[in-house]
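To keep things clear, I will list the structure first and then write my remarks on it.
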Amino acid sequence: MLIARSAQPAPVAPMDDTILVPTDGSDPANRAVEHGFELAERFDATLHALYVVDTRRYGEPALSSAEIVVQELEEDGTALVAEIVERADNRGVAVEAHVCHGAPHEETIDYADEVNAGLVVMGYQSHSHPIEGRMGSVPDRVTQRAGRPVLTA
C-alpha cells in the first residue's frame, strides 16, 4: 500500500536530488526503503537513511537500565542503516546514513530540513503502531508538519 500525503501536491520527481528515508526496520519501513532506492535510481538522487532512537520512551541514558536499552537500540539502528548503505552501494545509489536520538517525528523533520530533502519516503506504520489500515503517529506527524512532500509505503 502506497499513500502519498502532503500539504503540497506531490511532484513527479523530487524537488532536488535528496531523498530521505527514515526507518525503524518494520515491514512498512522496508517497503519505503525499496521505494527510496527506486526513486533515487530513477532521478539520480542521494538517499539519506535515518534511524532515530526514540528517547521519549526511555529518556537519555544516565547510568541506569535505560542506558542499556538505549545503547542496544542505537546499535540496532547503526546496523540497520549500515545494511541500507550496503544495499545502496550494490545498486549504485549514492547514500548517507545518520543515527540520532530524540522524538522520531521531530528528528525526521529536522534532518529533512538539514539536508534539504526534496522528498521523504517512509513506512505508513512502525513497530510501535501496527494497527492494520491506520497510519502511525510518526508518519502522520511528519506528513502534517514537514513542509515538503512525504510518500508513505
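The values are calculated or read from the model by the stated rules, or taken from the named source; none is laboratory data. What you see is a predicted model; the values in this text were computed from it and never measured. No Cβ is skipped: glycine too gets one built from the backbone with ideal geometry, and neighbour counts run over all protein chains shown. Ligands, DNA and RNA are excluded from the accessible area calculation, which covers all protein heavy atoms including side chains. Shrake-Rupley method; radii C 1.70, N 1.55, O 1.52, S 1.80 Å.
For GLU86, GLU96, write out the residues from largest to smallest accessible area, computed with a 1.4 angstrom probe and no ligands counted. Each step should come with its number before you reach the end.
Working: GLU86 115, GLU96 95 Å².
If we order GLU86, GLU96 from most to least accessible, we get GLU86, GLU96.
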Fill in: Area of SER65 that stays accessible when all protein chains are in place (1.4 Å probe, Å², to 10)
90
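Report the full-extension gain for the segment SER137 to GLU41: residue separation times 0.36 nm, less the Cα-Cα distance, to one decimal in nm. Provide the component values of the computation, followed by the final result.
Numbers: separation 96, 0.36 × 96 = 34.56 nm, distance 2.91 nm.
Once the chain is fully extended between SER137 and GLU41, it gains 31.7 nm.
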Discussion item. For ASP17, what accessible surface area do you get with a 1.4 Å probe? Give it in Å², rounded to 10.
Written reply: 90
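Pull out the extension gain between ASN30 and GLN144, defined as 0.36 nm times the separation in residues minus the alpha carbon to alpha carbon distance; nm, one decimal. Show your work: numbers first, answer last.
Details: separation 114, 0.36 × 114 = 41.04 nm, distance 2.18 nm.
So the chain would gain 38.9 nm between ASN30 and GLN144.
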Practice prompt. Run the 1.4 Å probe and let me know the accessible area of ARG148, rounded to the nearest 10 Å².
Written response: 20
Item to complete: Using only the alpha-carbon atoms of region 61-124, report the extent along each of the three principal axes, biggest first, to the nearest angstrom.
Response: 41, 26, 22
Worksheet item: How many nm is it between the label spots at ASP76 and ARG91, if each spot is 7 Å from the Cα in line with the beta carbon?
Response: 2.4
